[in-house]
1. Any idea which of LYS82, LYS124, LYS107, LYS89 is farther than 14 Å from VAL179 by Cα and modelled with pLDDT of 90 or more?
2. Which of the residues spanning the range 26-50 are modelled with pLDDT of 85 or more and either exposed (fewer than 13 other Cβ atoms within 10 Å of the Cβ) or in a loop (DSSP other than H, G, I, E, B) (or both)?
3. Take the range 51-79 and flag every residue that is assigned to a loop (DSSP other than H, G, I, E, B) and modelled with pLDDT of 50 or more.
4. Kindly indicate the residue of the range 205-231 that is out of contact with any Phe, Trp or Tyr (no Cβ under 7 Å at 6 or more places or on another chain) and open to solvent by less than 30 Å² (accessible area, probe 1.4 Å) and also modelled with the highest pLDDT among those meeting that condition.
5. Of the numbered conditions (1) open to solvent by 20 Å² or more (accessible area, probe 1.4 Å); (2) modelled with pLDDT of 90 or more; (3) part of a loop (DSSP other than H, G, I, E, B), VAL157 fails exactly one; give the number of that condition.
6. Can you spot a residue in the range 197-207 that is in a loop (DSSP other than H, G, I, E, B), without any contact (Cβ under 8 Å) to a residue 40 or more places away in the chain and in the same structural domain as GLN264 (by the TED database)?
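The values are calculated or read from the model by the stated rules, or taken from the named source; none is laboratory data. Because the structure is a prediction, the values reported are computed rather than measured. Glycine gets a Cβ as well: all are built from the backbone with ideal geometry, and neighbour counts include every protein chain shown. Each accessible area value is taken on the protein alone, full model and side chains, heavy atoms only, with ligands, DNA and RNA left out. Shrake-Rupley method; radii C 1.70, N 1.55, O 1.52, S 1.80 Å.
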Amino acid sequence: MAEAVSVVAESLAGDRARAARNVLDQVVLPGEELLLPEQEDAEGPGSAGERPLRLNAGTRSRGRVVCGPGLRRYGDRLLVTKCGRLRHKEPGGGSGGGVYWVDSQQKRYVPVKGDHVIGIVTAKSGDIFKVDVGGSEPASLSYLAFEGATKRNRPNVQVGDLIYGQFVVANKDMEPEMVCIDSCGRASGMGVIGQDGLLFKVTLGLIRKLLAPDCEILQEVGKLYPLEIVFGMNGRIWVKAKTIQQTLILANILEACEHMTADQRKQIFSRLAEC
């Protein structure tokens, strides 16, 4: 609370924007303007000052800057749209740029282009399936958006089936659109999820925590029982083990691990391993 108050006081003290690299992992508020360093600063970082991100930089920029959830571009400005902590991920090549986003806690999922989600088919109208993804409106899924699907060879999708796919259209002014193929036309694990298993919902923060590269929870869970598991960025998890009892145990562990410490998790896993 004190940190948020200090951020408000700093933002109200002047209208100038703050450098994004100086507020990484700190709380940012909606309406704040962030400045990114120039990619072609030959004199070194910070020597020429901070300037707003230029969208029409063309070939001048050595690295591409991507704005994730919680950030929005207005002309040459980069504005914050959510309250949370500013995060940054360096690109794989290390050529500058990277991805900036705001890590926040929210109850309702907002579709984001490229997110892999778990949806439930609620209706079929013509050649389009309506899929519930937990957002403000259902997403559309074409029957041709499956691997090997043609007008004659239609996929066997029924109302009530679970679909694992990704968004190709996610705009506040348009209906979200899903596909179950990648850019090469292959399924890559997407499509209709099996009938068995258990689907349950967790917080969006827990999903991001479980999908982090350094997450130890999945490694510990995988040592308990053989399982199949699917994570959706919309807060849904599908899990399947050999027996119903094992499936329920895994689901309860994943739901409870959000508020557990590392020592508490080790105690629970050690007890289950002895059973």
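1. Details: LYS82 fails: modelled with pLDDT of 90 or more; LYS107 fails: modelled with pLDDT of 90 or more; LYS89 fails: modelled with pLDDT of 90 or more.
Of the residues listed, the single one that is farther than 14 Å from VAL179 by Cα and modelled with pLDDT of 90 or more is LYS124.
2. Of all residues in the range 26-50, those modelled with pLDDT of 85 or more come to 26-34.
Result: GLN26, LEU29, PRO30, GLY31, GLU32.
3. Here is the first cut: in the range 51-79, the ones assigned to a loop (DSSP other than H, G, I, E, B) are 52-57, 61-64, 68-70, 75-76.
The answer is ARG62, GLY63, ARG64, GLY68, PRO69, GLY70, GLY75, ASP76.
4. Among those that are out of contact with any Phe, Trp or Tyr (no Cβ under 7 Å at 6 or more places or on another chain) and open to solvent by less than 30 Å² (accessible area, probe 1.4 Å), it is PHE231.
5. (1)
6. Step one: list which residues in the range 197-207 are in a loop (DSSP other than H, G, I, E, B), which gives 197, 202-203.
Cutting the leftovers down to without any contact (Cβ under 8 Å) to a residue 40 or more places away in the chain gives us none.
No, every residue in the range 197-207 fails to be in a loop (DSSP other than H, G, I, E, B), without any contact (Cβ under 8 Å) to a residue 40 or more places away in the chain and in the same structural domain as GLN264 (by the TED database).
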